[in-house]
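Working notes, structure below.
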Amino acid sequence: MSLTAEQQKIADEMCEDLKPITFIQGKAGTGKSYLIKELVNILGIDEILCPTNLAKQVYEKDYNVSARTIHSFFFREFDDIDEGFQNPNEYNQVKNEYFISEIQEKNIIVIDEVSMVRSDLLEMIHKILSTAMGNNLPFGGIKIILVGDLFQLPPVVESDETLKYLKNEYGGVYFFDSHVIQENLSQIKFYELNESVRHKDDSDWVEMLDMLREPPKIKTIIPMLKEINTRVVPPEQIPEGILAITPSNAEANKINKRELDKIQGEEFTSKANFKIKEIGRDEYLEFEYGDKLDNGDSSKYYPVEVPSRFDPFLTYKIGARVMFTGSVMGGAKNGDFGTIIDKRVDVDPRWGEKERILVKLDKKGRTVYVSLRDYSATDYKYEMVYDPIKHTLSRNTPYIQRVKQYPFKLGYAFTI
């Protein structure tokens, strides 16, 4: 596979005159990631940073190119890793001396899936890089290549206070609302990829994708919708082995249960276990999902928030398909699929009886032992507070919540 004429033209221009900030826009399937993969060698790109682990894996698995998540690269310097909110105006000194020497070796950094990057996050990246480089240039003088599609996933804004903070301090939530972009518009070079590479032999599919980006004319959309409807089948007619994507948890649960019921054998359940502790207190209150707290403080803790990566009431059988929602020692990673092949209770001389589930991974056929995991010191109940005088966003945490559950879900259906 080689660069298309459109991609080659962009690569040639960037090699000849790479601007301080470059933005490469393109709809799905136009070869943005492939172009970056080629530019790694052509330009000598130092880092490819992505907002999600899934985006990072695209480079590593599909193109054999090293990439990192934004938070893993900047974790020493960011304000808050869990929720990602940043206060760039309070950042004035690099926290880790080693990070300075690491940054000063960088010349070109790519930030992919930039539609998901919030204004405060990009501003913080600029402040960290310029502080480490010891100047006031955009991103410290390191050339930045922004890649993405503004019609795709937007930034996550988790509360009204956060939205107020972003609008008041930056004028909006998107990366282009950041001060470093708004104050350096003349230094930005814009490119757009228009030619579909991934689906070049399926013009109908390309047309359908384009319909999701821009409202089509009625005379165009009606025959297209009729074509899509010919592919619709009732849930009970979904072919074996097909992963279902649905808009609701209720429908996903229904499909998962239907597929689980097809498997002969004993059904097992595992309720999520919670430990919650009010800030300022030493003891934890421990209970299972569905238990009712009968003390006078229960109103402080309900409703308990179950992190999306856990199933609060996991039902499974030997032979069930599962998808991992967290990493497991032995080789399973978040997003890996596998099949449960056994359930056993082992006796550990230190810890006593320990229940474990054996899962055979689709990838390489490796078998991993999965135990109940205790995700500790993870804040799930909190309130964001915006201070317009200090121009800062902070988090008030009424209590800390720990969750113990198997790090996988039934793998037949998921929400979009």
Under 17 Å from Lys354, Cα to Cα: aspartates and glutamates that are on another chain or at least 8 residues apart: Asp342, Asp346, Asp374
Karplus 3J(HN,Hα) series, Hz, for the stretch 359-370 with 6.51 cos²θ - 1.76 cosθ + 1.60 (x for Gly, Pro): 10, 8, 6, 4, 6, 6, x, 6, 9, 10, 9, 10
Amide H contacts under 5 Å for Ile145, placed H, 5+ residues apart: Thr22, Ile109, Val110, Ile111
Cβ-placed point charges (K, R +1; D, E -1), dipole of the chain about Cα centre in debye, nearest 20: 1020
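Mind ranking 2-10, 170-178 by how tightly packed they are, going by the mean number of other C-beta atoms within 10 angstrom, highest first? Mind dumping the intermediate values first?
Numbers: 2-10: 15.0, 170-178: 20.3.
Most protected by this proxy first, the peptides run 170-178, 2-10.
Quickly rank 240-250, 354-364 as a protection proxy: mean count of other C-beta atoms within 10 Å, highest first.
On the way: 240-250: 10.7, 354-364: 15.9.
Packing proxy ranking, top to bottom: 354-364, 240-250.
Quick one: of Lys333/Lys409; Lys262/Lys409; Lys32/Lys363; Lys37/Lys61, which pairs are farther than 23 Å apart, Cα to Cα?
Listed pairs above 23 Å: Lys32/Lys363.
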Only Lys, Arg (+1) and Asp, Glu (-1) charged, at Cβ; the stretch 5-193 dipole about Cα centre in debye: 320
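To check you understand DSSP bridge types, tell me what percent of the beta bridges within the chain (both residues inside) are antiparallel, rounded to 5. Working shown, then result.
Numbers: 47 of 70 bridges.
Expressed as a percentage, antiparallel bridges in the chain total about 65.
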Given Lys271/Lys317; Lys19/Lys106; Lys106/Lys167; Lys106/Lys143; Lys317/Lys343; Lys257/Lys404, the pairs whose alpha carbons are separated by over 20 Å: Lys106/Lys167; Lys257/Lys404
Eligible aspartates and glutamates near Lys164 by straight Cα distance, threshold 17 Å, same-chain separation 8 or greater: Glu83, Asp120, Glu123, Asp177, Glu383, Asp387
The chain - percent relative contact order, Cα under 8 Å, separation 6 or more: 15
Cross-link reach list, aspartates and glutamates versus Lys95, counting only Cα pairs under 12 Å and skipping chain neighbours closer than eight places: Glu77, Asp79
Structure-derived Cα Rg over 2.2 N^0.38 Å: which label, when the choices are [x] 1.12; [y] 1.31; [z] 0.98: [x]
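Hey, fewest Cβ within 10 Å first, where do Glu353, Glu278, Glu77 land in order?
Glu353, Glu278, Glu77
Coordinate-derived values only; no laboratory data. Keep in mind the model is a prediction, meaning the values are calculated, not measured. Every residue, glycine as well, gets a Cβ built from its backbone with ideal geometry; the counts of neighbours run over all protein chains shown.
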